[in-house]
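A.B. asks: The structure that follows is given in the form of structure tokens.
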Amino acid sequence: MERKGSIVSRANSIGSTSASSVPNTDDEDSDYRQESIKDAYKVRRRQAHTQAEQKRRDAIKFLHKEKKKQEEEVSTLRKEVMALKIMKSNYEQIVKAHQNNPHEGTDQVPDQVKFSVFQGIMDSLFQTFNASISVNSFQELSACVFSWIEEHCKPQTLRDVVRSVLHQLKNPLY
């Protein structure tokens, strides 16, 4: 009998020890899954936040670049406006001078001769301008125009151009 009792006690002790090694119950699995889902949710949420923050930073960079570009355009336009105002002022002075003395010099040189002289001077200047100017961008154009003016519009250079044109026109005139 003792043998029977020892078997039963062994079975009870095996049963009690095996109960602790039994796989998780449904409640324990559920808790584990919920924790896992919460962790995955936190990771996804963190990734989404990181991506949104990166997009925000990129958008700010784009806006800064756009602002800088627009500021450069405004600066360029202001320079153009200033140049146009100067040209307008010069033309207004020419018109005033002509209105004050409308017949001054008209009886001395015919209009066709004036036009021929003007055309010869402008053709000569345009040839040097065309050879010296780059129109790939407005910045290159601006830089080239200023250097061309400094080089080809000096008083001595212009005097030589006018003399050359007058000399060429002199033979047909007389």
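A.B. asks: Lysine pairs, Cα distance under 17 Å, 8 or more residues apart or cross-chain: how many in the stretch 34-105?
C.D. replies: The result is 7.
A.B. asks: Given points 7 Å out from each Cα along the Cα-Cβ axis, report the ILE94 to VAL145 separation in nanometres with one decimal.
C.D. replies: In this crude label model, ILE94 to VAL145 measures out at 1.6 nm.
A.B. asks: Another question, if that's okay. Is the stretch 61-174 best put as rounded, prolate or oblate by its Cα gyration tensor, with a ≥ b ≥ c the root eigenvalues, rounded for a/c under 1.5, and otherwise prolate when a/b is larger than b/c, oblate when not?
C.D. replies: Cα axes put the stretch 61-174 in the oblate bin.
A.B. asks: Between VAL113 and LYS154, with labels modelled 7 Å along Cα→Cβ, what's the label distance in nm to one decimal, could you check?
C.D. replies: 3.1 nm
A.B. asks: Treating the beta-carbon of each Lys and Arg as +1 and of each Asp and Glu as -1, no other charges, what is the dipole magnitude of the stretch 34-105 about its Cα centre, to the nearest 20 debye?
C.D. replies: Taking the Cα centre of the stretch 34-105 as origin, the dipole is about 660 debye.
A.B. asks: Continuing with the same structure: For the pair LYS55 and GLN34, what calculated FRET efficiency results from E = 1/(1 + (r/R0)^6), where r is the Cβ-Cβ distance and R0 = 30 Å, to the nearest 0.05?
C.D. replies: The pair GLN34/LYS55 has a calculated efficiency of 0.45.
A.B. asks: Here is a follow-up. The stretch 51-81 to the stretch 135-150: how many Å between their Cα centroids?
C.D. replies: 25 Å
A.B. asks: Moving to a separate point now. For the pair GLU73 and MET122, what calculated FRET efficiency results from E = 1/(1 + (r/R0)^6), where r is the Cβ-Cβ distance and R0 = 35 Å, to the nearest 0.05?
C.D. replies: Efficiency for this residue pair is about 0.65.
Any read-out appearing in this document is the output of simple, stated calculations on the displayed coordinates, not a laboratory observation. Worth saying up front: this structure is predicted, and the values here are computed from it rather than measured. Every residue, glycine among them, receives a Cβ derived from its backbone with ideal geometry; neighbour counts consider all protein chains shown.
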